[in-house]
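To start, the structure itself, in structure tokens.
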Amino acid sequence: MLLCLGMLMQSCISNKTFQTARVTPVGEKGFGMGVALPKADFYDIDENGDVTDTTSIGGFAGEFFFRTGITEKVDVGVNLTLLGTSGADIKYQFLGDAESKLAGSIGAGFGYLSFNAGEEDASNTIIDIAIPAYFSYHPTKAIGVYASPKYIFRKAGSNSSNFGGVAGLRIGGERNGLFIEYGYLKSTDDAYTDQTQLNVGFGIGIR
């Protein structure tokens, strides 16, 4: 059950980006798919608040994502993982445009997951509300370097605040690109912290 829970908890939107700070041009659409290799530590805590045991959990999640441009400065996206997580986000570009070398954006996202676990097969729900920022530099049309610091409020069995971000590299043409990312999150939940994640994805029409 712990292995299943670890994979499910990490399949929300929290630590994947698969985009730079550039928005999708208005009227255009983009899509892609990627995989994530998450790792997190879970702690057993006694009544005195002391850690009695630590379990490291690794997993795998596949994701499909879609984006479309709404205005010259705004695009929206949706995503779905193979484990059943759904999510949506919106991004506003305040620095540069879809062609500029330097770009900056801010956004908001939502992720949802419901699953049954435990001896009584109880229903569990995880909701993520994320506030990310995006910054990227594009020295050529073939290369983009980006970073996305973010805050995530996670509503689950116990609510938590999570702080971290994703750093990545986009390699490819103006329309098609390979994304390679590494992410880190720190949680205020004493039982769940220190999440790292390696992500690899391919997008068509995703800046």
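For the reader, a short list of remarks on this structure follows.
- Residue within the stretch 118-128 that is under 14 Å from the mean Cα position of the chain (by Cα) and at pLDDT below 95 present: yes
- Hits in the stretch 141-162 - residues which are surrounded by fewer than 14 Cβ atoms within 10 Å (Cβ to Cβ) and under 21 Å from PHE202 (Cα atoms): LYS141, ALA142, ILE143
- Output for the stretch 77-97, where each listed residue is closer than 15 Å to LEU113 by Cα, modelled with pLDDT of 75 or more and crowded, with 18+ Cβ neighbours inside 10 Å: ASN79, THR81, THR85, GLY87
- Condition met for SER158 (among the polar types (S, T, N, Q) and at pLDDT below 95): yes
- Scan of the stretch 166-186 for residues that are in contact with a strand residue (DSSP E or B) (Cβ under 8 Å, 6 or more places away or on another chain) and surrounded by fewer than 20 Cβ atoms within 10 Å (Cβ to Cβ), ordered by number: ALA167, LEU169, ILE171, GLY172, ARG175, ASN176, LEU178, ILE180, TYR182, TYR184, LYS186
- Which numbered condition GLN195 misses (of (1) out of contact with any helix residue (DSSP H, G or I) (no Cβ under 9 Å at 6 or more places or on another chain); (2) among the polar types (S, T, N, Q); (3) assigned to a strand (DSSP E or B)): (1)
- Checked against (1) closer than 20 Å to GLY59 by Cβ; (2) among the aliphatic types (A, V, I, L, M); (3) not in a strand (DSSP E or B), ALA98 passes all but condition (1).
- When the strands (runs of 3 or more DSSP E) confined to the stretch 1-76 are screened for residues that are modelled with pLDDT under 70, those reaching at least 2 such residues are found at 29-45, 51-58.
The values are calculated or read from the model by the stated rules, or taken from the named source; none is laboratory data. None of these values were measured; they are calculated from a predicted model. Here the Cβ is made from the backbone with ideal geometry for all residues, glycine too, and neighbour counts use every protein chain on show.
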